[in-house]
Structures are given as structure tokens and as C-alpha cells.
Amino acid sequence: MQPGELADAIRVVAAGNSLFGPAATQRLLDRFTPPPPSSAGSTLADLTEREREILRLIATGLSNAELARQLHLGETTVKTHVSSMFRKLGVRDRVQAVIAAYDTGLVQPKS
């Protein structure tokens, strides 16, 4: 690539455009974007037992530090489990994860 071509490419990207054509962009997205989960219930089966345990405890309001202490794990390990659980459930935060836990019956309201 010549310096002028590189400068042109940088300008194209800086303007918010793509260097790839629409068909190539779609193929990249199809290849590297995971499909959205169909429902939390079906993805709950994808969770490991540890992830389900952490989800139950998150529903009680525990922080990552509190989870780590209770489960005798490092806080980084807890964060890894939480991130994996979020990805599998297709949620972006603890609130959505807890809602999924209630919706699927993993967690029951206290009487």
C-alpha cells in the first residue's frame, strides 16, 4: 500500500465508512457475531454449575468481592464466571441476569 492509499483509507474510516463492500461486511458480521439467544431458559442449560451458583448468589445482592469470599475464589475468577454467565444468558448487567434467574425459575421469591 502506498502512503497516499493509506491516507485515503484512514480518511474513509475516520469518516465512519468501511473499506469493505456491503457483502464483505455482512460475511464478517455473520462469521464473528454470535447469534442472539432465543430465550434465557434455553441458555440457562448452557451455564456451568458454578455459574448457576453465582447467579443464585448475585440474586441475593452479593458483590463480586462478597462472592469471592463466600466461594473461596479469587475476585478475578468470580469476574470471569460472571462475564461468561452474562455472555451465555445474552444479558449486559446484573439486573438482567437476575431477571433471567427469576424468569427461568432458578431463583424463587421469598415468601
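No lab work stands behind these numbers, since they all come straight from the coordinates. Values in this document were obtained by computation on a predicted structure and should not be read as measured data.
Please report the relative contact order for the range 40-103, taking Cα pairs under 8 Å with a sequence separation of at least 6, and give it as a percent rounded to a whole number.
44 percent
Plugging the Kirkwood radius over Cα pairs into Stokes-Einstein for the range 40-103, at a temperature of 10 °C and a viscosity of 1.306 mPa s, what D comes out in µm²/s?
On the way: Rh = 11.4 Å.
After rounding, the answer is 139 µm²/s.
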